[in-house]
Amino acid sequence: MMSNLPHQYSLRIAAWLALFMPAAMHAGNISAVWANEGGDKVSQDELRATLHKENLTGKVINRAWDGAKISLFGARNETVSFNLVLEAAYNTAANVSVSFDTLVGPDGATIHSNPATGNDVFSWVGRPIELFYERYLQIKGLSYFGYYKGDERQTPVRFQRPWIANGIGLGLWTDRPDHDKYYPDILIPLELVPTFSISAGQNQSIWGDIYIPKGSPAGTYSGNIVVTENGQTTYTIPVQLTVYNFDLPDKPTVQVAMPAAFDILQRYVTGQGGYVLPSSPGGQRVEAIRNRHFEMFHRHKIALLGDDDCAITDSPCPSAVPRYTGTLFTPANGYDGPGVGVPVGIYAVGLYASWSWKYDGESAMWQHSDNWINWFDQNAPGNSAFLYLADEPRPQDMPLVEQWSEWLAANPGPGNRLLGMSTHNMVLSQRDAPSLAIPASVAEIGMCPGDLSPCDTTGIMQRAADFYSQTPGRGLWMYNDSRPGVGTLDTEDDGVAPRVIPWAQYKKGVQTWFYWQTSPAGTQDLFQNAVTWGTQTYFDALLGWYGSNGPTNGNGVLVYPGTDLSNPLDSYGVDGPFASLRLKEWRRGIQDTDYLSLAAKIDPVAVQTIMNSVVPQVLWENPSPGGDPSWFRGPVSWSSDPDVWEAARAQLAAIISGKQ
């Protein structure tokens with residue numbers, strides 16, 4: 001076509017095509033490719049680039065994709081991500097493979113990953129670039145937990161029915177734009193799915209993580225993603241990464257901690273829940289899998305809690321010690337990434353109120369708390385420990401919680417540094433258990449003291465928060481998730497939703513965010529059913545498949561088992577966990593707070609302005625209508641558009657790097 005044109009015009013046209021069209025070297029059945037930074041969930045049926053049809057939470061042309069290349073930016077010691085979407089609009093694309101392992105930067109500096117097979121996908125040494133095959137879960141009904149169903153504005157954008165004044169919804173389940181669609185969440189290391197097919201009329205997402213090693217020269221790095229069909233290259237997609245001249249800290253700015261339900265580990269060995277003798281080959285294998293869970297969450301800047309492979313006395317299990325000295329998180333154990341050699345940082349004594357000396361009196365409390373603190377002082381001083389006094393205690397339980405708290409505070413020995421925690425609202429705790437050091441309040445918009453509703457929920461909660469955050473020997477904690485206070489971890493929530501939680505945590509000075517669980521017990525096939533809490537037993541015309549026991553999509557599940565003998569058709573035969581997309585987005589938010597913290601040291605006024613723009617109202621900043629905190633009308637305050645969040649991160653990077 002260009003053979004009769006002057007040479008200079010042929011070159012210009014070729015350059016234009018290279019800039020605005022991915023290089024198609026051979027005809028294939030993938031009709032279009034595009035990308036985003038991961039905060040825009042792409043359901044499996046979407047053919048946005050092919051059909052030029054956008055959805056409600058993101059655009060094909062975005063800050064990470066200009067129509068021709070993927071553009072990313074980050075600091076050293078940060079993991080940046082992208083989501084590559086391959087569309088097969090008209091015909092099935094068969095034997096598809098995707099490769100990307102090298103970025104070349106200033107003076108030949110490289111970020112390069114070595115190949116991996118089998119369990120080596122859980123070794124991150126020499127593997128800063130990871131690709132994942134995304135698996136999908138059908139959203140058959142709205143989650144029970146997470147948002148008020150009486151106001152459509154509370155619902156994730158793509159599940160909102162048409163609504164009129166005060167968010168009153170119109171229509172049925174089928175009027176929700178994404179009803180019954182398949183949502184991405186399970187991220188399988190691509191080495192375990194080296195080739196795959198994309199059915200006609202569907203897309204397939206490939207997630208990419210790029211860890212920027214410490215010591216990487218600042219500047220621009222370039223590489224290419226290669227997509228093949230039946231062995232022929234059909235797309236070559238440029239990737240450009242800008243590395244800024246600063247480092248994110250090894251220890252995250254905000255602390256996020258959560259228990260791991262290690263019952264799920266039995267699926268790898270026995271196919272069902274139950275005890276595995278630690279000294280047996282199966283027990284040793286379970287211990288290796290448990291450590292890989294700790295390493296995976298450490299790479300996502302989250303502290304795992306849990307220690308169940310021995311009879312707990314007054315110190316951690318011997319096998320757990322490397323987690324608290326930091327030696328687990330070293331190259332010798334297959335670890336590289338944020339926090340090399342850095343300990344978990346926090347330990348739960350008596351997780352979920354399982355401690356054994358509850359009824360043995362004050363002297364026993366002093367003895368055991370002294371023993372725990374002495375052990376950490378002598379063996380793992382880089383950690384804090386807390387005593388899990390009670391889980392969501394009833395009103396009649398509070399006098400006992402108060403007594404235990406008084407005993408801890410009165411201890412004349414080092415054990416008075418073992419702070420007691422209970423999942424109980426901070427406002428109620430000031431009345432019911434004033435000695436409780438750490439009341440972990442659920443992520444709500446406020447609370448009235450006792451039966452004194454209505455009240456100034458915003459003012460009352462803020463005063464309680466100030467007390468627990470500013471008083472020595474106390475702690476300001478929040479737990480779980482709920483709109484409009486923060487985004488949720490529900491599978492159908494907007495992609496940016498988990499990112500909201502750390503922003504809210506940073507804005508309100510919450511020292512630790514506690515999430516109740518990472519993975520469930522039982523034998524449910526997590527690869528086939530989005531519901532992870534409760535069951536769907538009947539169809540509700542407005543909410544979809546529902547139940548009386550609170551079915552919720554994704555609740556308490558942030559990783560999936562690499563081997564599942566209970567569900568062999570969905571077992572990949574490897575000894576470690578697979579991350580969820582929601583875990584990746586939570587990490588993105590945690591890293592954002594590192595940006596906020598670094599930038600605030602330079603220009604706190606600008607950072608406050610950025611924060612107020614991105615998350616205008618979080619947690620108890622949302623005023624409860626009529627002073628009644630049990631319900632809320634109105635939209636969430638943050639944008640579901642990932643570009644808004646990425647623009648803010650770019651502003652923060654400019655402040656830190658001095659390139660405003």
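The values are calculated or read from the model by the stated rules, or taken from the named source; none is laboratory data. Everything quoted here is computed from the prediction, not taken from an experiment. FYI the Cβ positions are ideal-geometry reconstructions off the backbone, even for glycines, and counts take in every protein chain you see.
Out of the residues in the stretch 185-237 meeting the condition of being in contact with a Pro (Cβ under 9 Å, 6 or more places away or on another chain) and of a type in the set (D, E, K, R), tell me which one is farthest from LYS69 (Cα to Cα). By that ranking, first place goes to GLU191. Restricting attention to the stretch 18-43 and to residues that are in a loop (DSSP other than H, G, I, E, B), at pLDDT 90 or above and of a type in the set (A, V, I, L, M), the residue that is surrounded by the most Cβ atoms within 10 Å (Cβ to Cβ) turns out to be VAL42. Candidates ASP540, ASP490: the one that is buried (at least 24 other Cβ atoms within 10 Å of the Cβ) and assigned by TED's automatic domain parsing to the domain that holds GLY282 is ASP490.
Listed here are the residues, each with its yes/no results for (1) among the aliphatic types (A, V, I, L, M); (2) over 30 Å from VAL121 (Cα atoms); (3) surrounded by 15 or more Cβ atoms within 10 Å (Cβ to Cβ); (4) in contact with a strand residue (DSSP E or B) (Cβ under 9 Å, 6 or more places away or on another chain).
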{"site": "SER315", "(1), (2), (3), (4)": "no, yes, yes, no"}
{"site": "ALA332", "(1), (2), (3), (4)": "yes, no, no, no"}
{"site": "GLY339", "(1), (2), (3), (4)": "no, no, yes, no"}
{"site": "HIS368", "(1), (2), (3), (4)": "no, yes, yes, yes"}
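In the stretch 147-164, the residue that is farthest from LEU56 (Cα to Cα) out of those that are part of a loop (DSSP other than H, G, I, E, B), touching a helix residue (DSSP H, G or I) at 6+ places or on another chain (Cβ under 6 Å) and of a type in the set (D, E, K, R) is ASP151.
Being within 26 Å of LYS508 (Cα to Cα), assigned by TED's automatic domain parsing to the domain that holds MET447, out of contact with any Leu (no Cβ under 9 Å at 6 or more places or on another chain) and among the acidic types (Asp, Glu) holds for only one residue in ASP594, ASP603, ASP575, and it is ASP603. Only a single item in (1) surrounded by fewer than 20 Cβ atoms within 10 Å (Cβ to Cβ); (2) assigned to a loop (DSSP other than H, G, I, E, B) is not met by SER640, and it is number (1).
Based on what the data block shows, is GLU46 modelled with pLDDT under 95, within 27 Å of ARG587 (Cβ to Cβ) and in contact with a Lys or Arg (Cβ under 9 Å, 6 or more places away or on another chain)? Answer is no for this residue.
Out of curiosity, is SER630 free of Cβ contacts under 8 Å to residues at least 12 places away in the same chain and not in a helix (DSSP H, G or I)? When the stated conditions are applied, SER630 does not pass them.
Any residue in the stretch 509-521 that is over 19 Å from the mean Cα position of the chain (by Cα), modelled with pLDDT of 95 or more and not polar (S, T, N, Q)? Within the stretch 509-521, one or more residues are over 19 Å from the mean Cα position of the chain (by Cα), modelled with pLDDT of 95 or more and not polar (S, T, N, Q). Can you confirm whether TRP545 is closer than 21 Å to LEU305 by Cα and either modelled with pLDDT under 95 or of a type in the set (Phe, Trp, Tyr) (or both)? For TRP545, the condition - closer than 21 Å to LEU305 by Cα and either modelled with pLDDT under 95 or of a type in the set (Phe, Trp, Tyr) (or both) - is not met.
From the list TYR136, TYR144, the one residue that fits, being surrounded by 17 or more Cβ atoms within 10 Å (Cβ to Cβ) and in a loop (DSSP other than H, G, I, E, B), is TYR144.
Within the stretch 256-305, the residues that satisfy the criterion of being among the small types (Gly, Ala, Ser), farther than 13 Å from LEU328 by Cα and surrounded by fewer than 21 Cβ atoms within 10 Å (Cβ to Cβ) are ALA261, GLY271, GLY273, GLY274, SER279, SER280, GLY282, GLY283. Against the list (1) surrounded by 17 or more Cβ atoms within 10 Å (Cβ to Cβ); (2) under 21 Å from the mean Cα position of the chain (by Cα), the condition SER624 fails is (2). For the stretch 599-621, indicate whether the set of residues that are surrounded by fewer than 21 Cβ atoms within 10 Å (Cβ to Cβ), of a type in the set (Ser, Thr, Tyr) and touching a strand residue (DSSP E or B) at 6+ places or on another chain (Cβ under 8 Å) is non-empty. No - not one qualifying residue is present in the stretch 599-621. Residues of the stretch 231-246 that are polar (S, T, N, Q) and under 19 Å from LEU84 (Cβ atoms): GLN232, THR233, THR234, THR236, GLN240, THR242. Residues that are more than 20 Å from LEU418 (Cα to Cα), in contact (Cβ under 8 Å) with a residue 60 or more places away in the chain and surrounded by fewer than 23 Cβ atoms within 10 Å (Cβ to Cβ) within the stretch 493-514 comprise LYS507, LYS508, listed in sequence order. Against the definition (touching a Leu at 6+ places or on another chain (Cβ under 7 Å), assigned to a helix (DSSP H, G or I) and modelled with pLDDT of 95 or more), how does LEU387 come out, yes or no? No; evaluated as a whole, the condition is false for this residue. When the stretch 177-203 is limited to residues that are in contact with a Leu (Cβ under 9 Å, 6 or more places away or on another chain) and either free of Cβ contacts under 8 Å to residues at least 60 places away in the same chain or in a helix (DSSP H, G or I) (or both), the one that is farthest from ASN55 (Cα to Cα) turns out to be GLU191.
Among all residues of the stretch 628-637, there is at least one that is surrounded by 18 or more Cβ atoms within 10 Å (Cβ to Cβ) and closer than 30 Å to LEU172 by Cβ.
Given the conditions (1) within 20 Å of PRO393 (Cβ to Cβ); (2) touching a residue at least 12 places away in the same chain (Cβ under 8 Å), report the number of the one that ILE460 does not fulfil. Exception for ILE460: condition (1). Of the strands (runs of 3 or more DSSP E) lying entirely inside the stretch 249-365, those carrying at least 3 residues that are under 30 Å from GLU406 (Cβ atoms) and at pLDDT 95 or above are 255-259, 346-349.
Here the stretch 627-660 is the region considered, the condition is being over 25 Å from the mean Cα position of the chain (by Cα) and basic (Lys, Arg), and the residue that is farthest from ASP594 (Cα to Cα) is ARG633.
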